[in-house]
1. Considering each of SER125, SER116 in turn, give the residue that is more than 12 Å from the chain's Cα centre (by Cα), among the polar types (S, T, N, Q) and at pLDDT 75 or above.
2. Please go through segment 1-29 and give me each residue that is over 16 Å from the mean Cα position of the chain (by Cα) and open to solvent by less than 30 Å² (accessible area, probe 1.4 Å), ordered by number.
3. For segment 45-59, which positions are open to solvent by 20 Å² or more (accessible area, probe 1.4 Å) and over 11 Å from HIS31 (Cβ atoms)?
4. Right, LEU72: under 21 Å from LEU123 (Cα atoms), at pLDDT below 90 and surrounded by fewer than 17 Cβ atoms within 10 Å (Cβ to Cβ) or not?
5. Please go through segment 128-154 and give me each residue that is part of a loop (DSSP other than H, G, I, E, B) and either modelled with pLDDT of 70 or more or within 24 Å of PRO52 (Cα to Cα) (or both), ordered by number.
6. Those residues that are open to solvent by 40 Å² or more (accessible area, probe 1.4 Å) and either closer than 23 Å to GLN50 by Cα or among the β-branched types (Val, Ile, Thr) (or both), I need them from segment 89-106; list them, please.
7. Is it the case that PRO36 is in contact with a helix residue (DSSP H, G or I) (Cβ under 6 Å, 6 or more places away or on another chain) and either crowded, with 19+ Cβ neighbours inside 10 Å or farther than 15 Å from CYS63 by Cβ (or both)?
Amino acid sequence: MDDYDGYAVHFIACDRVTGEVGAGLRLVLPHSPSFPCERIGGFDVTELTQLPRERIAEISRVCLLKSEAPGLHLVEANGRPARSLMRTSEMAGGLYRAAYAYTIQHGLSHWVGFTSPAMRRLLVSQNVELTAIGRAYQHRGERRAGGRQNGRND
């Protein structure tokens, strides 16, 4: 937990077969005194994006667990191998769709946050448009500040 949890809504995705939590994220809302990326990066999101703060939320704490442990294979009742109904990329897509629906329902228009190179590739593969709004930072590996705006993938 941190200071931002009181200003955030949390999302989780569960595997349809096992019921286990496989992914999660939080959406830090604009009434927070600052966003985590601002504290880490030392910048003001509204200056970088030229957007009003009340229209922005930050995606953070994205966590994707592998859908199956090594050597674990799901089987149907008849003993045949079962296809996992919820792979990691599907879980990520579901989380982002849920966060997007929440965003629209609450009048928000843009997301900001740090992404790793792997997460950027995953988001682009899910048709999420990203724009880099800052330089790369070292925070639990390489991260780049970005926002969803302007219809570009960076």
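1. Checking each option against the conditions leaves just SER125.
2. ASP15
3. THR46, GLU47, LEU48, GLN50, LEU51, PRO52, ARG55
4. Numbers: under 21 Å from LEU123 (Cα atoms): no; at pLDDT below 90: yes; surrounded by fewer than 17 Cβ atoms within 10 Å (Cβ to Cβ): yes.
Answer is no for this residue.
5. Of everything in segment 128-154, those that are part of a loop (DSSP other than H, G, I, E, B) and either modelled with pLDDT of 70 or more or within 24 Å of PRO52 (Cα to Cα) (or both) turn out to be VAL128, GLU129, LEU130, ARG148, GLN149, ASN150, GLY151, ARG152, ASN153, ASP154.
6. Those that are open to solvent by 40 Å² or more (accessible area, probe 1.4 Å) and either closer than 23 Å to GLN50 by Cα or among the β-branched types (Val, Ile, Thr) (or both): TYR100, TYR102, ILE104, GLN105, HIS106.
7. Answer is no for this residue.
The values are calculated or read from the model by the stated rules, or taken from the named source; none is laboratory data. Values in this document were obtained by computation on a predicted structure and should not be read as measured data. Glycine gets a Cβ as well: all are built from the backbone with ideal geometry, and neighbour counts include every protein chain shown. Calculation scope for accessible area: heavy atoms of the full protein, side chains included, ligands and nucleic acids excluded. Shrake-Rupley method; radii C 1.70, N 1.55, O 1.52, S 1.80 Å.
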